[in-house]
Protein chains: 2
Amino acid sequence: MHRDLLNPDALELQPVLEPPITGLLIADARLIDLYPDFFGAVKIPVKALLAGEDQKNLKNLQQLYHFFCEHSLSRDEIVHVYGGGTISDLAAYAVSTYKRGCRLHLYPSTLLGMVDAAIGGKTGLNHENLKNLIGSFYPAERIVIHPGFLSSLPWEELRQGMAEMLKAVMLFPCLPLPDFGGKILPNEEDILGHALYKLSLCQSDPYDRSDRMLLNFGHSFGHALESFSNFNISHGDAIALGMNMACDFSLQMELVNQEQYDSRKELLSRYPYPPPVLDYLATINPDDLLPLMYQDKKNNRKLRLVLPVGKDIKLVEMSMNGSA
Amino acid sequence: MHRDLLNPDALELQPVLEPPITGLLIADARLIDLYPDFFGAVKIPVKALLAGEDQKNLKNLQQLYHFFCEHSLSRDEIVHVYGGGTISDLAAYAVSTYKRGCRLHLYPSTLLGMVDAAIGGKTGLNHENLKNLIGSFYPAERIVIHPGFLSSLPWEELRQGMAEMLKAVMLFPCLPLPDFGGKILPNEEDILGHALYKLSLCQSDPYDRSDRMLLNFGHSFGHALESFSNFNISHGDAIALGMNMACDFSLQMELVNQEQYDSRKELLSRYPYPPPVLDYLATINPDDLLPLMYQDKKNNRKLRLVLPVGKDIKLVEMSMNGSA
């Protein structure tokens, strides 16, 4: 079923995993290995997928369509999706377009999924080396958060979710900042707080035409970095770097003063950037990113960037010669 | 831009063709040949497609995505689509999923397109031999009707549109019945009347969960006939035959009395069924259609059929052993 509206009651905490009993299940293959007791108890058909941006392609999409066909999935049946953002992007796109949309329940298994990817209904595939070039708006009927999944999450992946939490704090300083040491896992309240913040912004602008675009802070630069590195830089790391680049750009364009710049950079400096990514970044000429940003799906012939402007963070439209 | 609602003002008459001046254009290759003066005057990029159910496939979809990429289509730009239902089904699906939805203007060139396919936002591709198994709900921002296109339409194709008009008259007897001799083309008023009838039903039920399903009268049997014949039976002919099968089924199930059956069959008998299609039909065992109807995208584990019931036409849910 197509969802016209994002439902605030869709978000649900599930401290103890309960196997779904009807419909079909799609899950990250690694998760199935990590939780054999839970997935072993599942009695509905299961399709395992590999995680990763390089898996969000038309070939894997066709495999999902085939899985749905094989089990005669109807529009009234639920597809339950367990995994991180790349799994849910692909699976939710497949569900949104099969028979013009079936029912969708998401069970994000990563921090990035819980606070960001599973919320707001964006689905997507990568195509012609551009991220989410093909996609739909299709909010899940239910988003079930099981914080227990985080205990098996590698630090590398936990960090990607922390980057989106950092971005949310940059936009809305009342939100809790995660512990970047990675020693203490974010607690339920912090996760739900961030998830609800994103849900509220998406509800006010489901199709990403106004307020919701602020969530793209760091993303224009970040997506270009991801594409340019052939997705060797992970999404969260790219967004954290992208926020730094956006701040630098704002200072250069005199959209912020030195004090406004410094306070933002101080907050951004707390993020634990991995040294290999910083080394890679040093080899990139920012001008090489511009053609990719121009092609980014949120951009028209003009370049639209979310940038610090004075004390705020705003959507700024740039002409192609660089004036704001 | 994704459209939440079907806009009643979207329907527009264009007695004289005006070349669009911005965005991209997709057209039926045959139409480009038939109207060289018009398409010769178009200055925006043009992509020609072949019409036909067999063209609504993933390979052609990828070609459209490539066309959009090549011209850096943005979400704010309009894709203008000239052609019949199979062209608009494919092109509108591509537009609806590229960058999560760009702007769409449809210019139906067939009678079927004008009174049915271009209206109501259903898009679709065929997959694993099932019609519109992949698709989206994505109403066009504008539907521009140029009745002049009908003068170049072969009788075979004109008839397909007349079948949908006949179906609409079966559901809503106030609508004008087309001239099945094909000597007189339907006039503007009749076309707009039928288009507005469909638009009003779709507005009351955009996602096809209740009233709109009545428009599927003849379609469960009809789609199955199309699939079973590998799309050798055209859509309209299949629907006309499907309405006959639905009436026969209702009589058999005692959902209508003989008089109610006879009056409907009399109206349906006016349709000019082509002899080769009737010959093919005589070779089919209706029981062979059931597995395909069961898999049809509107059906759940139960079989839902739109059937004559007394004086009305209603959605009837059947259990698999055949009881209503």
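The values are calculated or read from the model by the stated rules, or taken from the named source; none is laboratory data. Quick caveat: nothing in here was measured; it's all calculated off a predicted structure. Ideal geometry is used to build each Cβ from the backbone, glycine not excepted, and the neighbour counts take in all protein chains shown.
A few remarks follow.
- The residue that is surrounded by the most Cβ atoms within 10 Å (Cβ to Cβ), counting only those in the range A:64-90 that are within 14 Å of chain B (Cβ to nearest Cβ) and out of contact with any strand residue (DSSP E or B) (no Cβ under 8 Å at 6 or more places or on another chain), is A:SER74.
- Pick from the range B:201-243, criterion touching a Leu at 6+ places or on another chain (Cβ under 8 Å) and among the charged types (D, E, K, R), ranking: modelled with the lowest pLDDT: B:ASP211
- If the condition is being away from every other protein chain (no Cβ under 14 Å) and touching a Ser or Thr at 6+ places or on another chain (Cβ under 8 Å), then the range A:207-225 contributes only A:ASP211.
- Scoring B:ASP54 on the criteria (1) within 23 Å of the chain's Cα centre (by Cα); (2) acidic (Asp, Glu); (3) within 14 Å of chain A (Cβ to nearest Cβ) leaves a single failure, condition (3).
- The set of residues in the range B:68-82 that are hydroxyl-bearing (Ser, Thr, Tyr) and in contact with a Ser or Thr (Cβ under 8 Å, 6 or more places away or on another chain) contains only B:TYR82.
- Filter result for the condition that a residue is closer than 18 Å to B:ASP116 by Cβ and acidic (Asp, Glu), over B:GLU266, B:GLU189: B:GLU189
- Within the span defined as the range B:121-143, every residue fails to be away from chain A (no Cβ under 14 Å) and farther than 22 Å from B:GLU77 by Cα.
- Checking each residue in the range B:40-69 for being touching a residue at least 24 places away in the same chain (Cβ under 8 Å) and in a helix (DSSP H, G or I) picks out B:GLU53, B:ASP54, B:GLN55, B:LEU58, B:ASN60, B:LEU61, B:LEU64, B:TYR65, B:PHE67, B:PHE68.
- Sole exception among (1) part of a helix (DSSP H, G or I); (2) within 12 Å of chain B (Cβ to nearest Cβ); (3) over 15 Å from the mean Cα position of the chain (by Cα) for A:ILE32, by number: (2)
- Filtered residues of the range A:111-146 (kept if under 18 Å from A:ALA10 (Cα atoms) and β-branched (Val, Ile, Thr)): A:VAL115, A:ILE119, A:THR123, A:ILE143, A:VAL144, A:ILE145
- Identity of the residue in the range B:1-29, without any contact (Cβ under 8 Å) to a residue 24 or more places away in the chain and among the acidic types (Asp, Glu), that ends up farthest from the other protein chains (Cβ to nearest Cβ): B:GLU18
- Within the range B:70-88, residues that are on the phi > 0 side of the Ramachandran plot have Cβ atoms under 6 Å from residues that are part of a loop (DSSP other than H, G, I, E, B) in these pairs: B:GLY83/B:SER109, counting only partners at least 6 apart in sequence or on another chain.
- Just one of (1) under 26 Å from A:LEU290 (Cβ atoms); (2) in contact with a helix residue (DSSP H, G or I) (Cβ under 6 Å, 6 or more places away or on another chain) fails for B:ASP28. It is (1).
- Entirely in the range B:73-175, the strands (runs of 3 or more DSSP E) that have 3 or more residues that are more than 17 Å from the chain's Cα centre (by Cα) and closer than 28 Å to A:ASN132 by Cα: B:78-83
- Total residues in the range B:176-216 satisfying the condition of being in a helix (DSSP H, G or I), buried (at least 21 other Cβ atoms within 10 Å of the Cβ) and over 17 Å from the mean Cα position of the chain (by Cα): the figure is 0.
- Taken as a whole, the range B:222-241 holds at least one residue that is on the phi > 0 side of the Ramachandran plot, touching a residue at least 60 places away in the same chain (Cβ under 8 Å), surrounded by fewer than 17 Cβ atoms within 10 Å (Cβ to Cβ) and out of contact with any Gly (no Cβ under 6 Å at 6 or more places or on another chain).
Conditions (1) modelled with pLDDT under 80; (2) over 28 Å from B:ARG100 (Cβ atoms); (3) surrounded by fewer than 13 Cβ atoms within 10 Å (Cβ to Cβ); (4) away from chain B (no Cβ under 12 Å), marked per residue:
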residue	(1), (2), (3), (4)
A:PRO274	no, yes, no, yes
A:LEU290	yes, no, no, yes
A:ASN300	yes, no, no, no
A:LEU303	no, no, no, no
A:LEU307	no, no, no, yes
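- Residues in the range A:17-63 that are surrounded by 20 or more Cβ atoms within 10 Å (Cβ to Cβ) and of a type in the set (S, T, N, Q): none.
- When A:SER72, A:SER109, A:SER96 are screened for being among the hydroxyl-bearing types (Ser, Thr, Tyr) and over 30 Å from B:MET213 (Cβ atoms), only A:SER109 passes.
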